[in-house]
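Let me begin by presenting the structure, written as structure tokens, before commenting on it.
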Amino acid sequence: MKQFGLTAPVYATEPVYRLGLLTMYDHFLARKQVSDFDLFTLDDIDSAFLNVTRLTYSQNCHLSGKGEGIVIAPHVGGHLLGGTVWKITKDGEDVIYAVDFNHRKERHLNGTVLESFVRPAVLITDAYNALSNQPSRRQRDQEFIDAIQNTLRANGNVLLPVDTAGRVLELLLILEQYWEQHHLTYPIFFLTYVSSSTVDYVKSFLEWMSDSIAKSFEHTRDNAFLLKHITLLISKSELENVPEGPKIVLASMASLEVGFSHDIFVEWASDPRNLVLFTERGQFGTRARMLQSDPPPKAVKVTLSKRVPLVGDELAAYEEEQEKIKKEEALKASLVKEEESKAVVTDVTKADPMNIDGHAQVDAAGVRGEAYRDVLIDGFVPTSSVAPMFPFYDNSSEWDDFGEVINPDDYVIKDEDMDMGSMHMGGDLDGKLDENTASLMLDTTPSKVVSSELTVQVKCALVYMDFEGRSDGRSIKSILAHVAPLKLVLVHGSAEATEHLKQHCLKNVCPHVYAPQIEETIDVTSDLCAYKVQLSEKLMSNVLFKKLGDYEIAWIDSEVEKTESGTLSSLPISTTAPPHKSVLVGDLKMADFKQFLAGKGIQVEFSGGALRCGEYVTLRKVGDASQKGGAAAIQQIVIEGPLCEEYYKIREYLYSQFYSL
């Protein structure tokens with residue numbers, strides 16, 4: 001954000017903020033160890049995350065400035081811890097942004113709430129998984145465990161290239177629970193630069209996880225992420241000290257381009273007993289994507305890089321260069337200060353000299369030398385008619401009947417100050433950054449990167465299993481049909497998958513489906529127009545409101561006029577109001593009405609989807625409550641029976657359940 005001068009506010013949930021910060025640290029350190037990485041610094045990461053406003057699920061956030069009138073709210077996405085589906089509301093219309101969602105309930109996450117939104121004006125979603133179909137969770141997890149166990153029993157090692165703090169959490173829980181249930185002793189290691197900090201934070205985010213984890217903690221105080229069978233490592237040297245034998249290592253990065261996973265792959269790839277288990281599709285152009293191809297390559301060229309401290313002549317040359325740079329900076333600073341001092345002295349000499357007892361006095365700074373200049377004039381530039389003097393501030397306090405009047409704002413710690421105070425290293429991490437990780441970040445030892453190229457023979461087993469945590473094609477189509485947006489925008493997917501989902505949605509979901517290309521702009525403006533109309537006091541004085549739950553409702557006949565300020569205002573109509581049919585407002589539930597009639601002494605029962613009242617009268621609802629047409633769904637209540645005293649009594653009771661306008 002600093003590089004491009006971006007200052008826009010960023011909104012995210014608490015887990016995304018915390019774990020996202022750790023993820024960026026891990027990426028930075030992984031690249032810094034193997035290259036002179038200068039695209040951004042740790043300070044850039046901290047300053048970027050200071051712009052993040054943290055929200056909770058379903059919390060409405062009203063934007064200001066250019067976003068005035070827009071309300072945004074995050075909802076459960078089901079893909080990552082703290083992952084969101086965003087609801088954006090403007091003028092009563094909803095835009096749903098749902099990219100990377102998962103409807104399945106997993107060990108540590110609940111499924112998405114996307115299906116709870118019906119008929120939004122616009123739905124923006126992805127076609128990434130439109131062509132894939134997944135097995136059941138139980139089958140997938142069993143295949144995952146079987147592949148790992150078969151390798152371990154053959155005295156082989158298992159490498160899982162993973163992300164820093166995202167989908168790896170589900171993998172950790174699967175392994176932890178299985179090892180606990182079956183009393184296995186094979187060692188498991190989670191290796192990233194911030195592994196211990198990641199797990200520490202995850203332990204405090206139980207309320208963001210699945211219902212089962214939250215209930216387990218409430219009843220037994222058992223934290224699912226108190227990992228008993230998984231060892232957390234932050235350096236490869238710790239792994240090298242582990243005794244020989246079959247083991248499992250979950251290491252970042254998932255791309256196999258840099259990081260611990262890259263180095264371990266180079267060491268283990270040539271042994272046919274070992275297994276590299278991919279749990280997500282590699283991005284185009286990465287080594288992970290190349291190894292996932294069919295058939296995989298038999299050999300790959302890799303670059304091994306390592307950062308080593310400078311010694312001997314290189315260290316001396318580096319220190320000499322740094323000393324030279326410091327001297328140049330000090331010289332520039334002194335020249336700037338000297339120029340500023342000359343400018344101040346010039347302004348002071350133009351002022352009238354002090355007159356004491358009728359005798360003009362020479363400026364003390366000029367007579368007594370430089371020692372007094374800072375005291376008298378540095379930082380204080382007098383006007384042309386006033387000689388330099390110390391400023392005086394009257395600090396007298398206000399008093400009332402209770403004592404000295406205080407300003408509460410003086411005792412409030414501002415958020416900005418707190419953020420800056422916590423930005424020293426590790427951003428706002430509440431001291432949960434591992435000491436060894438922090439020391440690595442603060443390490444300023446002069447060093448250089450030494451690289452070498454070699455060809456690795458790939459003899460180990462390569463397996464891909466889908467643990468990405470995204471809904472598959474069949475589920476996506478079902479969810480989109482249920483949500484039934486007025487307009488649909490498809491992004492983030494291959495051309496084939498996007499076109500496939502687009503054609504399906506045109507036939508089965510909605511007639512307006514867009515699949516924009518990169519940098520293409522599309523217009524999805526709603527066909528509906530919303531206007532703000534001010535209700536005049538003259539009109540409101542004659543309106544009778546009726547209480548309906550938390551609201552008050554009334555029928556209004558008025559004329560709309562444009563005021564001098566350009567706003568619309570409703571005024572009483574100048575002629576007699578035309579008659580209108582009675583409008584019944586309310587939502588009747590047949591089960592509640594059954595209890596109401598029973599309380600009135602009327603015999604009632606459900607029969608064939610209808611409510612039989614007494615001997616002759618029947619009530620039934622007609623119409624589809626989940627209707628997905630362009631208009632709002634309408635239900636009618638039909639009362640059937642002969643015109644008798646019982647009929648009119650039940651009809652009166654029915655009308656009493658509504659508000660008539």
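Go through 485-495, 573-583 and give me the packing order, highest mean Cβ count within 10 Å leading.
The packing order, highest mean first, is 485-495, 573-583.
Let me check I've understood the local charge: for ARG281, count other residues with C-beta under 14 angstrom from its C-beta, Lys and Arg +1, Asp and Glu -1. What total comes out?
-4
Determine, from the Cβ-Cβ distance of ASP592 and THR525 and an R0 of 41 Å, the FRET efficiency 1/(1 + (r/R0)^6), rounded to the nearest 0.05.
That pair, ASP592 with THR525, gives E of 0.50.
In nm, what is the difference between 0.36 nm times the number of residues separating ALA8 and SER541 and their Cα-Cα distance?
187.4 nm
Could you state how much accessible area ASP94 has, in square angstrom rounded to the nearest 10, with a 1.4 Å probe and all protein chains kept in place?
40 Å²
From a point 7 Å beyond the Cα of GLU93 in the direction of its Cβ, which residues of segment 473-501 have a backbone N at a distance under 19 Å?
What the label zone holds, given the 19 Å backbone N cut-off, is 483-490.
Counting Lys and Arg as +1 and Asp and Glu as -1, what is the net charge of the other residues whose Cβ lies under 12 Å from the Cβ of ARG651?
The answer is -3.
What ³J(HN,Hα) values, in whole Hz, does the Karplus curve 6.51 cos²θ - 1.76 cosθ + 1.60 give for segment 200-211 when θ = phi - 60°, with x put for Gly and Pro?
So the Karplus estimates, Gly and Pro as x, are 4, 5, 4, 4, 8, 10, 4, 5, 8, 9, 5, 4 Hz.
What FRET efficiency do you get for VAL583 and LYS66 if R0 is 30 Å and r is their Cβ-Cβ distance, rounded to the nearest 0.05?
0.15
So if R0 is 41 Å, what FRET efficiency would GLU323 and VAL242 give, r being the distance between their Cβ atoms, rounded to the nearest 0.05?
Computed FRET efficiency for GLU323 and VAL242: 0.45.
Under 5 Å between amide hydrogens, which residues at least 5 positions from LYS459 or on another chain qualify, with H placed 1.01 Å from N in the peptide plane?
Result for LYS459 returns SER270, ASP271.
Need one number for segment 533-572: average projected area of the convex hull over its C-alpha atoms, nm².
3.2 nm²
So what's the gap between the Cα centers of segment 265-293 and segment 493-535, to the nearest angstrom?
Their Cα centres are 38 Å away from one another.
Would you mind telling me the share, in percent, of accessible area of the chain contributed by carbon and sulfur at probe 1.4 angstrom?
Looking at the chain in its full context, I get 52 percent from C and S.
Which residues' amide hydrogens lie under 5 Å from the amide hydrogen of LEU123, considering only partners 5 or more residues apart or on another chain, with H built in the peptide plane?
ILE96, LYS487, LEU488, VAL489
The values are calculated or read from the model by the stated rules, or taken from the named source; none is laboratory data. If you're wondering where the values come from, they're calculated on a predicted model, not measured in any experiment. Cβ sites come from the backbone with ideal geometry, for glycine too, and all protein chains shown count toward neighbours. Surface areas here come from the heavy atoms of the whole protein model, side chains and all, with no ligands, DNA or RNA. Shrake-Rupley method; radii C 1.70, N 1.55, O 1.52, S 1.80 Å.
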